[in-house]
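The values are calculated or read from the model by the stated rules, or taken from the named source; none is laboratory data. Please read these numbers as outputs of a predicted model, since none were measured by experiment. Ideal geometry is used to build each Cβ from the backbone, glycine not excepted, and the neighbour counts take in all protein chains shown.
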Amino acid sequence: MNEFAGKVAVVTGAASGIGEGLARHCAGQGMKVVLADVNAERVEALASELGAIWRRTDVSKAEELEALADFAFDQFGQVDLLFNNAGVLISGTTWDVPLKDWRWILDINLMGVLHGVQAFVPRMLAQGTAGHIVNTSSLAGLLAAPLMGPYTVGKQAVLALTETLHYELQQSPIGVSALCPGPIATAIAASGEGRDAQAEQSEGQKQLMQFLNDGISQGMSPAACAELVFDAIRKDQFWIFTHEDFKPEYRRRIDELIANRNPSYEQYTVDE
């Protein structure tokens, strides 16, 4: 896709962070924008500012993505860009994070993307027009780390889902991209507040969350991230990386795999 004015974009997780940056960029391109987020107050305020429409949407529920698709197509008759972006983060050792917190993060980060794909792709294919889907993964989609089990598992699964979708849609007019951001200035590190997994943090968790907060606070702006995303859409580019300086780490992982070496990680150890 090269022309965006007058086209229709749907953005989940639109009330803040990367989603808000994408929504603002879509509006700036003259697009008709459908905003979705579980935080109705914030998404309504953003929609009012941008002249967009909105619907409160819990992406963990398939029926709410179907309702969002109904809403978008009823309003505009088409959807050209779909951003499956909603995401949350919690930390903790794999064995200590309660199953309900595992399910919470996977239902949003992974199943939310799948729900979006299943609700929108058949309708976008039926249009027969050029379109594009961007699924938000993470650098954690390519690199594992201690204390990040639920987030990493979900984001690596999103990457696998997105690559599969890319192959399945290659003969269609719909392009597919995987957004694998590094540190972006968002509030995602606070998204798990109130969950059991965050109630009593180990020293290792505290160090990790401080590291994440420090990195995120100095991270790329959501607006700059959105610029990179739209540049990739124009080029029909699958991989969208915001931080080239992580690529040596991706290469190290591949080299370890090819050489059949045990994975290595030095940043954190699990000390209780």
### Task
For segment 13-72, name all the residues that are over 19 Å from residue 118 (Cα atoms), acidic (Asp, Glu) and in contact with a Ser or Thr (Cβ under 9 Å, 6 or more places away or on another chain).
20
### Query
Which members of segment 135-188 meet the condition of being in a helix (DSSP H, G or I), free of Cβ contacts under 8 Å to residues at least 12 places away in the same chain and not acidic (Asp, Glu)?
160, 164, 167
### Query
What are the pairs, 6+ residues apart or on separate chains, where a residue within segment 35-55 that is small (Gly, Ala, Ser) has its Cβ under 7 Å from a residue that is part of a loop (DSSP other than H, G, I, E, B)?
36/14; 36/57
### Message
So, residue 1, is that one modelled with pLDDT under 95, out of contact with any Leu (no Cβ under 6 Å at 6 or more places or on another chain) and closer than 27 Å to residue 172 by Cα or not?
### Response
yes
### Summary
Looking across segment 1-57 at residues that are charged (D, E, K, R) and part of a strand (DSSP E or B), the single one that is nearest to the chain's Cα centre (by Cα) is 37
### Within segment 72-99, tally of residues that are assigned to a helix (DSSP H, G or I) and more than 24 Å from residue 18 (Cβ to Cβ)
3
### Query
So is residue 126 small (Gly, Ala, Ser) and either part of a helix (DSSP H, G or I) or modelled with pLDDT of 95 or more (or both) or not?
yes
### Query
Is it the case that segment 115-130 has a residue that's under 26 Å from residue 246 (Cα atoms) and among the aliphatic types (A, V, I, L, M)?
no
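Yes/no per residue for (1) touching a helix residue (DSSP H, G or I) at 6+ places or on another chain (Cβ under 6 Å); (2) buried (at least 19 other Cβ atoms within 10 Å of the Cβ); (3) at pLDDT below 95:
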{"residue": "165", "(1), (2), (3)": "no, yes, no"}
{"residue": "193", "(1), (2), (3)": "no, no, yes"}
{"residue": "199", "(1), (2), (3)": "no, no, yes"}
{"residue": "247", "(1), (2), (3)": "no, no, yes"}
{"residue": "259", "(1), (2), (3)": "no, no, no"}
